[in-house]
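Undergrad: First the structure, then my questions, so here it is.
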Amino acid sequence: MSSSLLLFPPETVAIVTGSSSGIGAATVDQLAQRGVSRFCITGRNGEGLAETQKKTLEVNKGTEFVVVKGDLTDLKTCDKIVSETVDKFGRIDILVNNAGMGFLGSVRDAPIEQFQEVFDLNVKQVVYMCKLCLPYLEKTKGNIVNVSSTVALKSYANSANYNMSKAALDMFTMTLAAEEGERGIRVNGVNSGIVNTGMHARCLPPELVAHVLSMKSNAIGRVGEAEELARAIVFLASKEASFITGSNVRVDGGMYCYNPL
Ligand SMILES: NC(=O)c1ccc[n+]([C@@H]2O[C@H](COP(=O)([O-])OP(=O)(O)OC[C@H]3O[C@@H](n4cnc5c(N)ncnc54)[C@H](OP(=O)(O)O)[C@@H]3O)[C@@H](O)[C@H]2O)c1
């Protein structure tokens, strides 16, 4: 690889949550292509994590990993991610809070327990991961990228809990950026539009998956690929974005601006 394409120095350590598939796995791949060779990858699916490791080693066979398998809604998993990363690598430069899930259900129909479930995954563990990583990020003048959604900005029926969780995440991103800027830590987010990952099959009834992935939801007229989100995440995590903090960047093919007549 040409050294002019490398954005990160060799000592860089990145934690990417939800890196067993989709946008998280693509982010590890893109970070590796830009010079990161020390990762903590996490998820519940061991096969997915093994696949991410395999693909990353194809980019750079010297890549080192901490692999933490576990459910992030159990905050002990977060403790484990951070302690094992610091034990092995001694530092943290980048935290990508990508793990999350879409949840469907109208306010009438969704059980009230769904609210807690969604917020535990899409908000609470993110706040906790940040709390744990801040002291290390302060030392490296590192940064955080949170993976949010267009639903944080625009209401869509039948997913109030999910929409609210991502709106809360956007506000958290801005507030944390305001608090941590003076310590040299940048905090940004991406508002993802509809991207071709397994998430839809996990959270939608089967008959809706093809419909969601094929409908014209944005200006560009196609769904995004995980790599297209990953490239924006990598940019925000890099020195190229040194004057960007507290920004929630829309990476959505124009989904936010698109209102068909
Ligand atoms: N795809 C889209 O259209 C879209 C749109 C807007 C925003 N997003 C956001 O993008 C992020 C990534 O989603 P994706 O589209 O790449 O979907 P995905 O392929 O389903 O990836 C989700 C990742 O999160 C992990 N995860 C989910 N629940 C977890 C839990 N309880 N504990 C630990 N890890 C958990 C999954 O790991 P395991 O399965 O191994 O547990 C997986 O690695 C999410 O935050 C999602 O809200 C996606």
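Undergrad: If you go through segment 134-160, how many residues are in a helix (DSSP H, G or I) and crowded, with 22+ Cβ neighbours inside 10 Å? Reasoning before the result, please.
TA: Step one: list which residues in segment 134-160 are in a helix (DSSP H, G or I), which gives 134-140, 150-152, 160.
The next check asks that each one be crowded, with 22+ Cβ neighbours inside 10 Å; those that pass are 137, 150, 152.
Result for segment 134-160: 3.
Undergrad: Being surrounded by 23 or more Cβ atoms within 10 Å (Cβ to Cβ) and more than 10 Å from the ligand (Cβ to nearest atom) is the filter here; which residues of segment 162-175 pass it?
TA: Thr173
Undergrad: Tell me which residues, restricted to segment 178-200, are among the hydrophobic types (A, V, I, L, M, F, W, C), away from the ligand (no atom under 16 Å from the Cβ) and open to solvent by 30 Å² or more (accessible area, probe 1.4 Å).
TA: Ala178
Undergrad: Return the residue satisfying two criteria in turn: it lies in segment 29-45 and is more than 8 Å from the ligand (Cβ to nearest atom) and without any contact (Cβ under 8 Å) to a residue 40 or more places away in the chain, and of such residues it is nearest to Arg91 (Cα to Cα).
TA: Looking only at segment 29-45, we keep the residues that are more than 8 Å from the ligand (Cβ to nearest atom), and these are 29-41.
Still in the list and also without any contact (Cβ under 8 Å) to a residue 40 or more places away in the chain: 32-33, 35, 37, 39, 41.
Details: Ala32: 17, Gln33: 20, Gly35: 16, Ser37: 13, Phe39: 11, Ile41: 15 Å.
Of everything passing the filter in segment 29-45, Phe39 is nearest to Arg91 (Cα to Cα).
Undergrad: Let me spell it out: the conditions are (1) away from the ligand (no atom under 12 Å from the Cβ); (2) over 21 Å from Leu153 (Cβ atoms); (3) of a type in the set (D, E, K, R), and Lys216 meets all of them except one. Which number is the exception?
TA: Every listed condition holds for Lys216 apart from (2).
Undergrad: Look through Leu169, Leu176, Leu261 and report the one residue that is of a type in the set (A, V, I, L, M), in a helix (DSSP H, G or I) and more than 14 Å from the chain's Cα centre (by Cα).
TA: On the way: Leu169 fails: more than 14 Å from the chain's Cα centre (by Cα); Leu261 fails: in a helix (DSSP H, G or I).
From the options Leu169, Leu176, Leu261, the qualifying one is Leu176.
Undergrad: Can you work out which of the residues in segment 6-28 that are closer than 19 Å to Lys139 by Cβ and hydrophobic (A, V, I, L, M, F, W, C) is farthest from the ligand (Cβ to nearest atom)? So that I can check it myself, show each step before the final result.
TA: Restricting attention to segment 6-28, the residues satisfying the condition of being closer than 19 Å to Lys139 by Cβ are 8-15.
Narrowing the set further to residues that are hydrophobic (A, V, I, L, M, F, W, C) leaves 8, 13-15.
Details: Phe8: 22, Val13: 19, Ala14: 15, Ile15: 13 Å.
Looking at the filtered set, the residue picked out is Phe8.
Undergrad: Just give me the residues in segment 135-151 being closer than 18 Å to Thr245 by Cα and within 16 Å of the ligand (Cβ to nearest atom), in sequence order.
TA: Ile144, Val145, Asn146, Val147, Ser148, Ser149
Undergrad: Of the numbered conditions (1) of a type in the set (A, V, I, L, M); (2) within 14 Å of the chain's Cα centre (by Cα); (3) over 20 Å from Leu204 (Cβ atoms), Val147 satisfies every one except a single condition; which is it?
TA: Among (1) of a type in the set (A, V, I, L, M); (2) within 14 Å of the chain's Cα centre (by Cα); (3) over 20 Å from Leu204 (Cβ atoms), the lone unmet condition for Val147 is (3).
Undergrad: Could you please let me know if Thr77 is within 15 Å of the ligand (Cβ to nearest atom) and either out of contact with any helix residue (DSSP H, G or I) (no Cβ under 7 Å at 6 or more places or on another chain) or touching a residue at least 24 places away in the same chain (Cβ under 8 Å) (or both)?
TA: Numbers: within 15 Å of the ligand (Cβ to nearest atom): yes; either out of contact with any helix residue (DSSP H, G or I) (no Cβ under 7 Å at 6 or more places or on another chain) or touching a residue at least 24 places away in the same chain (Cβ under 8 Å) (or both): yes.
Spelling it out, Thr77 is indeed within 15 Å of the ligand (Cβ to nearest atom) and either out of contact with any helix residue (DSSP H, G or I) (no Cβ under 7 Å at 6 or more places or on another chain) or touching a residue at least 24 places away in the same chain (Cβ under 8 Å) (or both).
Undergrad: Now for a different question. Among the residues of segment 90-110 satisfying the criterion of being among the charged types (D, E, K, R) and surrounded by fewer than 15 Cβ atoms within 10 Å (Cβ to Cβ), which is farthest from the ligand (Cβ to nearest atom)? Talk me through it step by step, then tell me what you get.
TA: Within segment 90-110, the subset among the charged types (D, E, K, R) is 91, 93, 108-109.
From the residues that got through so far, the ones that are surrounded by fewer than 15 Cβ atoms within 10 Å (Cβ to Cβ) too are 108-109.
Working: Arg108: 23, Asp109: 21 Å.
Filtering first and then ranking leaves Arg108.
Undergrad: Given the conditions (1) crowded, with 16+ Cβ neighbours inside 10 Å; (2) not in a loop (DSSP other than H, G, I, E, B), report the number of the one that Lys131 does not fulfil.
TA: The failed condition is (1).
Undergrad: Take the residues in segment 4-28 that are among the hydroxyl-bearing types (Ser, Thr, Tyr) and under 18 Å from Ile92 (Cβ atoms); name whichever of them is farthest from the chain's Cα centre (by Cα). Break it down into steps so the answer makes sense when it comes.
TA: Residues of segment 4-28 among the hydroxyl-bearing types (Ser, Thr, Tyr): 4, 12, 17, 19-21, 27.
Imposing the further condition that a residue be under 18 Å from Ile92 (Cβ atoms) reduces the set to 12, 17, 19, 27.
Details: Thr12: 18, Thr17: 7, Ser19: 9, Thr27: 8 Å.
Among those that are among the hydroxyl-bearing types (Ser, Thr, Tyr) and under 18 Å from Ile92 (Cβ atoms), it is Thr12.
Undergrad: So which pairs qualify, if the first residue must be in segment 194-219 and touching a residue at least 40 places away in the same chain (Cβ under 8 Å), the second must be open to solvent by 50 Å² or more (accessible area, probe 1.4 Å), the Cβ gap must be under 6 Å, and the two must be at least 6 apart or on different chains?
TA: Every condition considered, the pairs that remain are Cys203/Leu104; Asn218/Tyr258.
The values are calculated or read from the model by the stated rules, or taken from the named source; none is laboratory data. Predicted, not measured: the structure shown is a model, and the values here were computed from it. Virtual Cβ from ideal backbone geometry, glycine too; neighbours counted across all protein chains shown. Quick note on the areas: whole protein, heavy atoms, side chains included, nothing else; ligands and nucleic acids left out. Shrake-Rupley method; radii C 1.70, N 1.55, O 1.52, S 1.80 Å.
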